[in-house]
Amino acid sequence: MINRECGNFKRTYQSDMALFPVPLQLYTIIAIVLIFYIIFPLLANEYLLTLGCLIGIACLGAIGLNILTGFTGQISIGHAAFMMVGAYTAAILNTRYGVGFVLCLPAAGIMSALVGSFFGIPSLRIKGLYLAISTLAAQFILEWTVNHWKWISGGAFSSIYTKKPDIFGWIPAAALAEAESMLRYKYYIIVILLGLGVIFALNLFRSSVGRAFIAIRDNDVSAEIIGINIFRYKLTSFAVSSFYAGIAGALYCFFYETANYEGYTIIISIDYLAMVIIGGLGSVLGAIYGAIFIQLLPILLDIFGSWIGNTFFGGAATEFLNQLKTFTFGALIIFFLVVEPEGLNRLWRNTKDYFRVWPFSY
Amino acid sequence: MTEWFAENIHFIMELLVEGLLIGMLYALIALGFVLIYKASDAINFAQGELVMFAGYIVVACINSLKVNLFVGILIGLAAMVVFGLVVERGMLRPLIGRPVVSIIMATIGLAYVLRGLSPMIWGYPTLEMKLPIRGMPWEVAGILVMPIYVVACGVSLLLLAAFGYFFLKSRSGIAMRAVADDQQTALAMGINVQHFFAVAWAMAGVVAVVGGVIWGNLLGVDNMLALVGLKVFPVVILGGLDSVPGVVIGGLIVGAVESLAAGYLDPLVGGGTKDFAPYVLMILFLMFKPYGLFGQEIIERV
């Protein structure tokens, strides 16, 4: 990730296909694992842990959307709705049928995958703009259904309060005793699942299924001519993407121990779309960069905005700050699209390219 | 069945009339969307926000410059035309040739910008758009009709007819259709494609002003006004994305369906069908007749 890619001559097929062509790559990964799996959770306070959890969940959701939008080229403005399906599936199983957290997660993923593939069916006849509008319809229809079907939403305010996430009935004793340990425990669950999600996504695009996705994105007609079953792979892509969304949604619901449709509105769908576009379409790492960026943006704006508020308005101007956030969010999306369409991932690659032969550029 | 129908005919008629009138107002907003799509194949997810922005400008002119409504609308028209040109130049032109998702996302970004910017400039409370139209409803054959709806309907029809004529008969309109049909051929025929993209955005700005004045009068001018834009999608999908007459038919159908759904389904399921029914209709259309009633069918196996 951070190594300079020069002077790296490959002499054998093995070295060409190696997972880590340079030892430094392996060390980088070990360092990242060390930092985010051991050092960060031990040092972080409650605030940072909460932030870490939310970013982790967002990363998982963004990777899912990037599989669909970035790699398969199918636009979805209903990603949050698929997350909602996962969240409510998990919550209902957990509270009404006493299913444990560990089994709730795959169930949520599968349910989302089914619903996602159903709403992916129009993608077989339509594409581009039409697909965008049809997923928008999916968002509204799912949101309305969850909100109005009493059996799903459980009545007042459409909230379901879940139990604490257990691993086959086991919850660390410290986590039950103290709020911070509980957060740390949840952080571990999220980070481990995120790790699995990243590994799966990276490997997916080394496999034939992933390559079929990319072929469909690049040119669907050519893909069909070389024998890719478009019907199957488009639906697979919807299913995989929604599976990620379902897991992310279920994690989000267990993180707050509440399933509420307000966490999965159209605005969240657009947030996820912004994540993959700002991060970089068609890149797993890009989705992670984007998720981190979009999650941190409101916090940075808060800090910056309260500074402006204190300096120019002599105190808190919360309404103004909210509008400023909305404005900056939109402006950033436009800025990235116009100036750097391939997103943060590309910026990072450009930086690396600059240092490739540095300091002897000529 | 006939008995039930006889009992309910009055209620149904009331719902239908209201729905159809509102449908015409949806058509007005959807028109701006179709204009842009027709000319540049760009999808404008910020149509509702454009309407809101235009409404804010007109109200702000009337309130702070103390001009009358007519001058306010003129200023609004000028401002929105300039704004449309700026958006086209600064945002859409660099995106020519990029994938659809980029353009969709850019207009969503524009929507966020407008939604954040307007209250920052003009404040948060709902502003009132006063029109010199009587507030009391008329009674026509036992059905109550608000005068504002009728006036708005007339204005919408006038605008739709004007744009329909423009596209069918005028030189620029034909050029715009050529651009929409095939950009490269249009270029080869000596049509200045980028010029017509700009014209389309300027026209969308004009339509937004009319929409902003009428809808602003109905709902009040604030951030919620932009939500009207969400009704655009069912309307344009039903009518066909690139069809001006389709907008009218789509608007009428959506208006009638949502009004009937609100009248009959709301008591059963506890509200909210108004926003939901048009989308169900739309997804059915997308599955079975994706190019709408009047849209140009692009036969393509995917």
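Picking from residues in segment A:231-271 that are under 15 Å from A:L142 (Cβ atoms) and aromatic (F, W, Y), the one that is modelled with the lowest pLDDT is A:Y261. Do we find that A:I267 is more than 13 Å from every other protein chain (Cβ to nearest Cβ) and not charged (D, E, K, R) in this structure? In short, no. When restricted to residues that are surrounded by fewer than 19 Cβ atoms within 10 Å (Cβ to Cβ), among the small types (G, A, S) and under 16 Å from A:I57 (Cβ atoms), segment A:175-197 contains 1.
A:I133 falls short on exactly one of the conditions (1) within 11 Å of chain B (Cβ to nearest Cβ); (2) surrounded by fewer than 20 Cβ atoms within 10 Å (Cβ to Cβ), and that condition is (2).
Of these, B:A6, B:A39, B:A54, B:A46, which one is within 21 Å of B:F166 (Cα to Cα) and among the small types (G, A, S)? If you could, list the steps in order and put the result at the bottom.
Values: B:A6 fails: within 21 Å of B:F166 (Cα to Cα); B:A54 fails: within 21 Å of B:F166 (Cα to Cα); B:A46 fails: within 21 Å of B:F166 (Cα to Cα).
One residue alone meets the criteria, B:A39.
Against the test of being small (G, A, S), buried (at least 16 other Cβ atoms within 10 Å of the Cβ) and farther than 22 Å from A:I55 by Cβ, the options A:S237, A:S208 yield a single qualifying residue, A:S237. Considering segment B:67-173, the qualifying helices (runs of 4 or more DSSP H), each wholly inside and each with 2 or more residues that are under 29 Å from B:G220 (Cβ atoms), among the polar types (S, T, N, Q) and within 14 Å of chain A (Cβ to nearest Cβ), run over B:100-122. If the condition is being among the polar types (S, T, N, Q) and more than 7 Å from chain B (Cβ to nearest Cβ), then segment A:320-334 contributes A:N322, A:T328. Scan segment A:45-63 and tell me whether some residue there is closer than 14 Å to A:A108 by Cα and in contact with a His (Cβ under 8 Å, 6 or more places away or on another chain). So far as segment A:45-63 goes, yes, one or more of its residues are closer than 14 Å to A:A108 by Cα and in contact with a His (Cβ under 8 Å, 6 or more places away or on another chain).
In segment B:16-55, of all residues being hydrophobic (A, V, I, L, M, F, W, C) and outside any helix (DSSP H, G or I), the one that is surrounded by the fewest Cβ atoms within 10 Å (Cβ to Cβ) corresponds to B:A42. Only residues that are touching a residue at least 60 places away in the same chain (Cβ under 8 Å) and touching a helix residue (DSSP H, G or I) at 6+ places or on another chain (Cβ under 6 Å) were counted in segment B:134-147, giving 1. Considering only segment A:157-180, I want to know if a residue exists there that is within 14 Å of chain B (Cβ to nearest Cβ), in a helix (DSSP H, G or I) and at pLDDT below 90. Scanning segment A:157-180, I find at least one residue that is within 14 Å of chain B (Cβ to nearest Cβ), in a helix (DSSP H, G or I) and at pLDDT below 90, so the answer is yes. Could you go through segment B:166-178 and let me know if any residue there is without any contact (Cβ under 8 Å) to a residue 60 or more places away in the chain, among the aromatic types (F, W, Y) and exposed (fewer than 14 other Cβ atoms within 10 Å of the Cβ). So far as segment B:166-178 goes, no, none of its residues is without any contact (Cβ under 8 Å) to a residue 60 or more places away in the chain, among the aromatic types (F, W, Y) and exposed (fewer than 14 other Cβ atoms within 10 Å of the Cβ). If you go through segment B:141-151 one residue at a time, do you hit one that is surrounded by fewer than 17 Cβ atoms within 10 Å (Cβ to Cβ) and either over 30 Å from B:I9 (Cβ atoms) or among the small types (G, A, S) (or both)? Within segment B:141-151, one or more residues are surrounded by fewer than 17 Cβ atoms within 10 Å (Cβ to Cβ) and either over 30 Å from B:I9 (Cβ atoms) or among the small types (G, A, S) (or both). Of the residues making up segment B:204-227, just one is crowded, with 24+ Cβ neighbours inside 10 Å and farther than 19 Å from B:L69 by Cβ, namely B:A204.
Can we say A:L142 is within 28 Å of A:I270 (Cβ to Cβ), away from chain B (no Cβ under 14 Å), out of contact with any Ser or Thr (no Cβ under 9 Å at 6 or more places or on another chain) and not aromatic (F, W, Y)?
Numbers: within 28 Å of A:I270 (Cβ to Cβ): yes; away from chain B (no Cβ under 14 Å): no; out of contact with any Ser or Thr (no Cβ under 9 Å at 6 or more places or on another chain): yes; not aromatic (F, W, Y): yes.
It is false that A:L142 is within 28 Å of A:I270 (Cβ to Cβ), away from chain B (no Cβ under 14 Å), out of contact with any Ser or Thr (no Cβ under 9 Å at 6 or more places or on another chain) and not aromatic (F, W, Y).
With a requirement of 1 or more residues that are modelled with pLDDT of 90 or more and either exposed (fewer than 15 other Cβ atoms within 10 Å of the Cβ) or touching a helix residue (DSSP H, G or I) at 6+ places or on another chain (Cβ under 9 Å) (or both), the helices (runs of 4 or more DSSP H) lying completely within segment A:1-115 that satisfy it span A:23-33, A:46-66, A:79-96. Scanning segment B:86-131 for residues that are more than 30 Å from B:V155 (Cβ to Cβ) and of a type in the set (K, R) returns B:R93, B:R98.
Within the set B:V236, B:V209, the sole residue that is assigned to a helix (DSSP H, G or I), within 15 Å of B:A27 (Cα to Cα) and more than 11 Å from chain A (Cβ to nearest Cβ) turns out to be B:V209.
The values are calculated or read from the model by the stated rules, or taken from the named source; none is laboratory data. None of the values given here were measured: they were computed from a predicted structure. Virtual Cβ from ideal backbone geometry, glycine too; neighbours counted across all protein chains shown.
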